[in-house]
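Chemist: Mind looking over this structure? Questions follow.
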Amino acid sequence: MGGSAFSSVVNPLLTPRMPKEVYEAIKSQCEVILRTLYSCVESPLEGPGKTDFGDIDFLLASPKPEASRGAYAIQTISKALGAERSITAGGNEPAGSLAIPWPADEKDVNKESEKKYIQIDVRVCDTEHRLRWMLFKHGHGDLWNLLGSTIRGYGLTVDDSALWLRVPEIEESDRKRARIFLSSDPAKVMEFLDMPMDGYWDKPFSRVEDMFDYATRCRLMWVSPVAQEPDAKKLKANDRRRMNYRPVFRKWVDEFLPECRRLGKFPDRRYTREQVTEEAFSVFGVEKEFNTRRKEFLLERQRDFIWNTSIKGSVPEPKSTDHKDILYRSCLVKALKKIILEDDTSFGIVPEKSLKNPDGEYNLEDVQAFIEKHQEDVGEAAIARHHAQYAEAIEKKKKKAGKSSS
């Protein structure tokens with residue numbers, strides 16, 4: 001949270017940025033304490049060239065007997081670290097922000113009203129594998145903000161869980177459903193992007209420019225030689241918001257990419273989205289899942305179109321506000337839905353040939369032709385069935401009433 005978790009709460013605390021010596025000393029002390037509770041205690045690599053720090057991040061896994069589980073985990077960690085206040089985060093994994101006192105300084109009077117704190121952010125991961133992914137995803141600060149904006153146009157997404165391949169037909173209406181899992185193994189992800197790991201993930205980058213150079217080693221790196229509009233305007237909404245509070249990402253978009261364009265760097269788009277998708281099929285074996293998800297979605301969308309447009313759009317509105325006219329149309333559209341979308345043959349009217357293609361998709365022209373040809377017959381059968389069911393219900397009611405009176 002960049003040291004801001006306690007600045008906007010009731011009775012806010014002062015959590016100033018820490019100089020490097022304070023950061024390293026407190027981080028080391030906390031790590032020793034946390035290792036009494038968890039076998040795996042790690043911190044993501046910091047962003048490049050940092051001289052001060054807003055908070056200290058810890059990722060934990062494999063709790064020891066001394067640690068608490070579930071909702072009590074943060075409480076136990078807070079007590080062990082001597083936190084004076086804590087904020088528990090939502091989510092599936094225990095996580096929260098803790099405020100511990102700033103180390104005493106003889107030169108600092110440290111009045112109560114000016115008392116300083118250090119923010120410690122902790123997350124307890126379900127498994128060590130999950131922890132390794134989180135270290136990778138949040139390592140080097142803004143690195144995955146840069147790479148994420150680079151690979152997004154090729155149908156790839158990286159989040160706190162994994163690398164995903166998106167189904168293009170689904171992503172605009174249901175982002176979660178559009179995602180196909182590829183991998184949560186950092187080495188496999190970097191291999192797919194053709195980026196080296198050795199020598200790049202053992203310590204922070206010295207300079208922001210070094211991290212930028214590393215990000216450009218992604219094989220999907222491309223800068224359009226001609227900017228039709230500013231690079232920032234081409235970003236998704238969440239990336240545009242990110243520019244407001246991530247200065248490194250803003251520098252990438254506002255300075256680095258335009259400079260690459262000016263120098264003619266990365267002018268060739270070497271891959272299309274379709275090519276990357278095919279490669280993902282081959283490397284990660286997800287072609288069947290991708291096509292099944294896509295087909296199910298397209299069929300659902302087609303069925304919605306048939307119901308809302310082909311059926312309800314083809315049947316005229318009631319001739320009047322008379323109950324009989326309204327009832328007739330209601331029975332007709334429901335019967336057409338049953339016959340066309342539910343393969344109901346009980347009305348005695350069935351298509352002369354299947355309305356579906358061999359792959360299961362509907363032939364919309366055949367659907368429309370069936371509606372136009374059989375609309376009146378279906379309407380007569382539907383209203384006749386309604387009257388018959390109504391009469392049957394009345395008769396049952398009479399018989400029930402007769403038994404009660406006797």
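Chemist: So F297 passes all but one of these: (1) outside any helix (DSSP H, G or I); (2) among the aromatic types (F, W, Y); (3) not assigned by TED's automatic domain parsing to the domain that holds R179. Which condition number does it fail?
Modeler: Of everything listed in (1) outside any helix (DSSP H, G or I); (2) among the aromatic types (F, W, Y); (3) not assigned by TED's automatic domain parsing to the domain that holds R179, F297 misses just condition (1).
Chemist: Please work out which residue is nearest to R303 (Cα to Cα), limiting yourself to segment 318-373 and to residues that are crowded, with 17+ Cβ neighbours inside 10 Å and among the hydroxyl-bearing types (S, T, Y).
Modeler: Result: Y362.
Residues are listed down the side, and each one gets a yes or a no for (1) touching a residue at least 40 places away in the same chain (Cβ under 8 Å); (2) among the small types (G, A, S):
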site: D57; (1), (2): yes, no
site: I74; (1), (2): yes, no
site: I87; (1), (2): yes, no
site: A95; (1), (2): no, yes
site: W102; (1), (2): yes, no
site: I118; (1), (2): yes, no
site: V122; (1), (2): yes, no
site: D126; (1), (2): yes, no
site: G141; (1), (2): yes, yes
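Chemist: A follow-up question, please. What is the residue count in segment 330-350 for residues that are touching an Asp or Glu at 6+ places or on another chain (Cβ under 7 Å) and either of a type in the set (A, V, I, L, M, F, W, C) or not in a helix (DSSP H, G or I) (or both)?
Modeler: Counting residues in segment 330-350 that are touching an Asp or Glu at 6+ places or on another chain (Cβ under 7 Å) and either of a type in the set (A, V, I, L, M, F, W, C) or not in a helix (DSSP H, G or I) (or both) gives 1.
Chemist: Being surrounded by 14 or more Cβ atoms within 10 Å (Cβ to Cβ), among the hydroxyl-bearing types (S, T, Y) and more than 27 Å from the chain's Cα centre (by Cα) is the filter here, so list the residues in segment 32-74 that pass it.
Modeler: Passing the criteria: Y38, S68.
Here's the yes/no breakdown for (1) assigned to a loop (DSSP other than H, G, I, E, B); (2) under 22 Å from E84 (Cβ atoms); (3) assigned by TED's automatic domain parsing to the domain that holds T76:
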site: V22; (1), (2), (3): no, yes, yes
site: S28; (1), (2), (3): no, yes, yes
site: T36; (1), (2), (3): yes, yes, yes
site: S39; (1), (2), (3): no, no, yes
site: P44; (1), (2), (3): yes, no, yes
site: G47; (1), (2), (3): yes, no, yes
site: F58; (1), (2), (3): no, yes, yes
site: S62; (1), (2), (3): no, no, yes
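Chemist: Hey, among F284, F297, which residue is in contact with a strand residue (DSSP E or B) (Cβ under 8 Å, 6 or more places away or on another chain) and under 17 Å from V167 (Cβ atoms)?
Modeler: F284
Chemist: F205 passes all but one of (1) under 25 Å from W164 (Cα atoms); (2) buried (at least 18 other Cβ atoms within 10 Å of the Cβ); which number fails?
Modeler: Going through (1) under 25 Å from W164 (Cα atoms); (2) buried (at least 18 other Cβ atoms within 10 Å of the Cβ) one by one, F205 breaks only (1).
Chemist: Which one of Y362, Y390 is among the aromatic types (F, W, Y) and more than 48 Å from the chain's Cα centre (by Cα)?
Modeler: Just a single option satisfies the conditions, and that option is Y390.
Chemist: Across segment 253-285, what is the total count of residues that are on the phi > 0 side of the Ramachandran plot and loosely packed, with under 14 Cβ neighbours inside 10 Å?
Modeler: Qualifying residue count for the region: 2.
Chemist: Looking at segment 189-211, which of its residues are touching a residue at least 60 places away in the same chain (Cβ under 8 Å) and within 21 Å of Y271 (Cα to Cα)?
Modeler: If the condition is that a residue be touching a residue at least 60 places away in the same chain (Cβ under 8 Å) and within 21 Å of Y271 (Cα to Cα), then F192 is the only one that fits.
Chemist: Among the residues of segment 78-98, is there at least one that is part of a helix (DSSP H, G or I), outside the structural domain of R240 (by TED's automatic domain parsing) and of a type in the set (A, V, I, L, M)?
Modeler: Yes, some residue in segment 78-98 is part of a helix (DSSP H, G or I), outside the structural domain of R240 (by TED's automatic domain parsing) and of a type in the set (A, V, I, L, M).
The values are calculated or read from the model by the stated rules, or taken from the named source; none is laboratory data. What you see is a predicted model; the values in this text were computed from it and never measured. Virtual Cβ from ideal backbone geometry, glycine too; neighbours counted across all protein chains shown.
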